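J.: Take a look at the following structure, please.
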Amino acid sequence: MTQGFGLAASLARGVERRSGAWSFVQGFAAHWGDALENGDGWAEADLVAAEERLGVRLPTALREAYLLFGRRRDLTSNHDVLLGPAELYVDDAKEALVFRHENQGAASWGILLDSLQDDDPAVCVRPDLADKSAERWEDWLERLSLCFVEIVLSESLVADEGLCDFLDPDEDSIELLEANAVRLPFPVYPTGQEHGSRWFLGQDVLLRDDDGAAVLACGRTAEDLDRVRELIPGNWLNDY
């Protein structure tokens with residue numbers, strides 16, 4: 001595995017506590033992309049302005065994430081979009097503070113207003129449905145810091161077409177994934193569901209299984225990605 005950064009061990013610490021989540025993001029950025037630098041986060045003044053505009057206090061975990069890496073779109077917004085402080089808003093139903101959008105508007109992620117006082121509140125997701133009366137905020141992840149770890153991991157899977165790929169799995173694909181990669185210590189999500197998204201690590205390849213409906217992969221090099229395609233053969237989107 002990557003020298004100097006044990007992804008699985010660092011991720012386990014990130015799952016356990018909020019400070020570990022930020023350490024994981026720092027390590028992951030440095031060893032799987034570009035290291036964090038001064039200026040990668042929003043300024044305190046930006047967060048204060050957002051709080052004054054919204055009339056709410058932002059949770060500690062949200063403030064910490066925005067201050068540390070909130071401006072790093074390569075970590076947060078390759079596909080879905082992390083809203084900047086000036087873009088944060090309360091939904092029309094006055095139920096949640098929205099901080100992230102799906103890239104085609106199919107869903108939004110937010111924090112219920114009655115949990116904003118928590119340092120590391122749960123995150124909910126709301127699908128954009130044709131029947132607006134059926135839209136509900138649903139459980140996503142039990143802590144906001146976990147959600148930011150998931151954001152950084154998921155956005156890495158669509159960061160570079162040369163290093164990333166998508167598999168439409170058949171009945172053997174998941175068995176091969178489980179046989180050739182290590183399950184990472186991140187909870188299955190959405191929260192409360194028996195089946196959902198799971199994370200795996202191969203030989204310098206990060207993979208996500210979306211309940212057997214799709215497998216996404218990101219290699220540290222093109223050779224790493226080719227190796228996992230050979231181990232899990234199938235209809236890979238970018239394997240020409």
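The values are calculated or read from the model by the stated rules, or taken from the named source; none is laboratory data. On a predicted model such as this, the values are computed, not experimentally measured, just so you know. Cβ: placed from backbone, ideal geometry, glycine included. Neighbour counts: every protein chain shown.
J.: Is the range 89-111 home to any residue that is surrounded by fewer than 14 Cβ atoms within 10 Å (Cβ to Cβ) and part of a helix (DSSP H, G or I)?
T.: Step one: list which residues in the range 89-111 are surrounded by fewer than 14 Cβ atoms within 10 Å (Cβ to Cβ), which gives 92-94, 103-106.
Okay, now just the ones that are also part of a helix (DSSP H, G or I), so none.
No.
J.: Given Ala65, Ala50, which one is touching a Pro at 6+ places or on another chain (Cβ under 6 Å), at pLDDT 95 or above, of a type in the set (Gly, Ala, Ser) and crowded, with 21+ Cβ neighbours inside 10 Å?
T.: Selected residue: Ala50, the only one of Ala65, Ala50 that is touching a Pro at 6+ places or on another chain (Cβ under 6 Å), at pLDDT 95 or above, of a type in the set (Gly, Ala, Ser) and crowded, with 21+ Cβ neighbours inside 10 Å.
J.: Among the residues of the range 153-200, write down those that are surrounded by fewer than 19 Cβ atoms within 10 Å (Cβ to Cβ) and acidic (Asp, Glu).
T.: Selection gives Asp160, Glu161, Asp168, Asp170, Glu171, Asp172, Glu175, Glu178, Glu194.
J.: Return the residues of the range 27-47 that are surrounded by 20 or more Cβ atoms within 10 Å (Cβ to Cβ), closer than 23 Å to Gly6 by Cα and free of Cβ contacts under 8 Å to residues at least 40 places away in the same chain; say none if nothing qualifies.
T.: Hit for the range 27-47 is Gly27, nothing else.
J.: Okay, moving on. Restricting the first residue to the range 100-119 and requiring it to be in the same structural domain as Ala61 (by TED's automatic domain parsing) and within 18 Å of Arg143 (Cβ to Cβ), which pairs with a second residue that is surrounded by 15 or more Cβ atoms within 10 Å (Cβ to Cβ) and of a type in the set (S, T, N, Q) meet a Cβ separation below 7 Å and a spacing of at least six or different chains?
T.: Here the result reads Arg100/Ser108; Asp119/Thr60, each pair linking the range 100-119 to a residue that is surrounded by 15 or more Cβ atoms within 10 Å (Cβ to Cβ) and of a type in the set (S, T, N, Q).
J.: For the range 151-178, which positions are part of a strand (DSSP E or B) and of a type in the set (Ser, Thr, Tyr)?
T.: If the condition is that a residue be part of a strand (DSSP E or B) and of a type in the set (Ser, Thr, Tyr), then no residue fits.
J.: State which residue is modelled with the lowest pLDDT when the search covers only the range 112-129 and only residues that are out of contact with any Phe, Trp or Tyr (no Cβ under 8 Å at 6 or more places or on another chain) and assigned to a loop (DSSP other than H, G, I, E, B).
T.: First, the residues of the range 112-129 that are out of contact with any Phe, Trp or Tyr (no Cβ under 8 Å at 6 or more places or on another chain): 113-121, 127-129.
Subset that is assigned to a loop (DSSP other than H, G, I, E, B): 116-121, 128-129.
Values: Leu116: 98, Gln117: 97, Asp118: 98, Asp119: 98, Asp120: 98, Pro121: 98, Asp128: 83, Leu129: 70.
Per the criteria, the residue is Leu129.
J.: Collect the residues in the range 206-231 that are touching a Gly at 6+ places or on another chain (Cβ under 9 Å) and surrounded by 13 or more Cβ atoms within 10 Å (Cβ to Cβ), keeping them in residue-number order.
T.: Leu206, Asp210, Asp211, Val215, Ala217, Gly219, Asp224, Leu225, Asp226, Arg227, Val228, Leu231 - these are the residues of the range 206-231 that are touching a Gly at 6+ places or on another chain (Cβ under 9 Å) and surrounded by 13 or more Cβ atoms within 10 Å (Cβ to Cβ).
J.: Given the structure, is Arg72 modelled with pLDDT of 95 or more and either within 27 Å of Ser10 (Cα to Cα) or outside the structural domain of Cys147 (by TED's automatic domain parsing) (or both)?
T.: yes
J.: Sticking with this structure for a sec: Output the number of residues of the range 179-215 satisfying the condition of being under 18 Å from the mean Cα position of the chain (by Cα) and in a strand (DSSP E or B).
T.: So the count comes out to 14.
J.: Now, a different point. Restricting to the range 141-150, name every residue that is surrounded by 23 or more Cβ atoms within 10 Å (Cβ to Cβ) and either hydrophobic (A, V, I, L, M, F, W, C) or not in a helix (DSSP H, G or I) (or both).
T.: Scanning the range 141-150 gives Leu144, Leu146, Cys147, Phe148, Val149.
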